[in-house]
1. Taking amide H atoms as placed 1.01 Å from N in the peptide plane, list the residues 5 or more away in sequence, or in a different chain, whose amide H sits under 5 Å from that of L385.
2. Among A41, A336, A65, which one shows the highest mean-square fluctuation when the chain is modelled as a Gaussian network with alpha-carbon springs under 10 Å?
3. Taking segment 236-377 as the region of interest, what is the percent of Cα-Cα pairs per 10 angstrom bin, listed from the shortest bin to the one with the maximum distance?
4. Quick check on the chain: helices-only [θ] at 222 nm, where DSSP H runs of length 4 and up contribute -39,500 (n - 2.57) each and the sum goes over total residues. Nearest 500, please.
5. Which residue fluctuates most in the GNM of the chain (Cα springs below 10 Å): G290, G344, G123?
6. Along each principal axis of its Cα atoms, how long is the chain end to end? Whole angstroms, biggest number first, please.
7. Taking the Cα atoms of segment 183-276, what is the range of coordinates along each of the three principal axes, in descending order and whole Å?
8. Search the structure for amide H atoms under 5 Å from the amide H of M267, placed 1.01 Å from N in the peptide plane, and list their residues when 5 or more places away or on another chain.
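Just so it is clear, none of the values below were taken in a lab; they were calculated from the coordinates. For clarity, every value in this text was computed on a predicted model and none was experimentally measured.
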Amino acid sequence: MSSTAATVAGTIAAMGRRARAAAVVLARTDPAQTAAALTAAAAAIRADTDAILVANAEDMARATAAGLSAALLDRLRLDRDRIEGIARGVEAVAALPSPLGALIDESTRPNGLVLQRVRVPIGVIGIIYESRPNVTADAGALCLRSGNAVILRGGSDSTASSAAIHRAMVSGLAATGLPSDAIQIVPTPDRAAVGAMLAGADGTIALIVPRGGKGLVARVQTEARVPVLAHLDGINHVYVDTAADPDRAQAIVVNAKLRRTGICGAMETLLIDRAYSDPAPLLAALIDGGCALRGDAAARAIDPRIAPAEAADWDTEYLDALCTVGIVDGIDGALAHIAAHGSGHTEAIVTEDAATAERFLAEVDSAIVMVNASTQFADGGEFGLGAEIGIATGRLHARGPVALEGLTTYKWLVRGTGQTRP
Ligand SMILES: NC(=O)C1=CN([C@@H]2O[C@H](COP(=O)(O)OP(=O)(O)OC[C@H]3O[C@@H](n4cnc5c(N)ncnc54)[C@H](OP(=O)(O)O)[C@@H]3O)[C@@H](O)[C@H]2O)C=CC1
Ligand SMILES: N[C@@H](CCC(=O)OP(=O)(O)O)C(=O)O
């Protein structure tokens, strides 16, 4: 380890120890107090709007000079409306019922022992996320409301904006007597900090939430030494079955690809049943909507405007107005393709055949599986969770949109009357 990396690791370990101490306080804090802290934080965000905008202008200038794409610049950009939206989001989390102490289930053993499982915080959570400043507030708010301390590591293009929002969050903590170490932000863009977090920050971090794409995935896979709740890329498929209603199929496919191309819930590959009778208008609707298509030979035979797909296209998350199109042999072909190329995020089928729909729901192993709906609904707010840290793409603990409940674990409470085990 270089001396700079060692210094960064030391900083992260010290943050972890302070977060651990804050987590102990949060675990016994009345949820009304975390709600009050978030209400105060939202007020501070509003009051600090000018300062947040100045910080964001600084980030935008640097990112523009560095040649960031229009989609990434849009994700980074704040204005008064977006800051108001961030404040409202924090208030919405404050208004959500606390998950802590909720009874999951209860049973009584034949020997009279009464067992309960109740929700408790996880402890210290480390979140690594993209250059999207609102996540600083959303993630901080969700962690606090679920009784966890958090160490936030946002994208390096958003350093100033995230720091400004973080200051407002901390003033909410201070205003209500909660430890400021409950929500900390990594003070350096050095990626050595990500390594130190993945290593567990000297045993203090209980869970890492990485939100990002392929580069982050690779690093998490090789370096993580603590449990990971992965929020990774979305190579999402829509399969249009032979029994699809054409109008529905067109509306869903266009929305899934083009509503917002840069979000992880966007469709990246369209699969069409070889037996589907009307594929040409479907493809034309995407092209007319401004989407470039790359496809296999069968798709190109339907519309010559489709460019040939390379092998890598089937495994690419474009996050842009670009989509791969494959013609498959019915649901078996679609299931095999998704199993080979999906990233476990969100897949959808368009069909009027109930049995085919049920088979798709049962056999696709992604966090979110949909029938006759756009993949762009992959979102905690749309699922009624009030907010989200993101979409969990792994297979354990929590899947799909993760909000308060996904940021808790549970413990068993066992009440006896003097029982001893024979
Ligand atoms: N499932 C979900 O909920 C979500 C998934 N995403 C996914 O995020 C991706 C788009 O965001 P994008 O900004 O490109 O994501 P990146 O993966 O480039 O960046 C995300 C974060 O990871 C860090 N990072 C990336 N690579 C490394 C590395 N090798 N070592 C250390 N840190 C690293 C970045 O730091 P740095 O700033 O230094 O590059 C940043 O903080 C898409 O794949 C999208 O699907 C996005 C949002 C939600
Ligand atoms: N779930 C959120 C999107 C989160 C997301 O993808 O973020 P990003 O990749 O930073 O644009 C939504 O549907 O708006």
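1. Correct list: empty.
2. The residue that fluctuates most here is A65.
3. 14, 51, 34, 2
4. Mean residue ellipticity at 222 nm (helix-derived): -13500 deg cm²/dmol.
5. Per the Cα network of the chain with a 10 Å cutoff, G290 tops the list.
6. Rounded to whole Å, the extents work out to 68, 67, 43 Å.
7. 56, 22, 20
8. Counting only residues 5 or more places away or on other chains, the set is K257.
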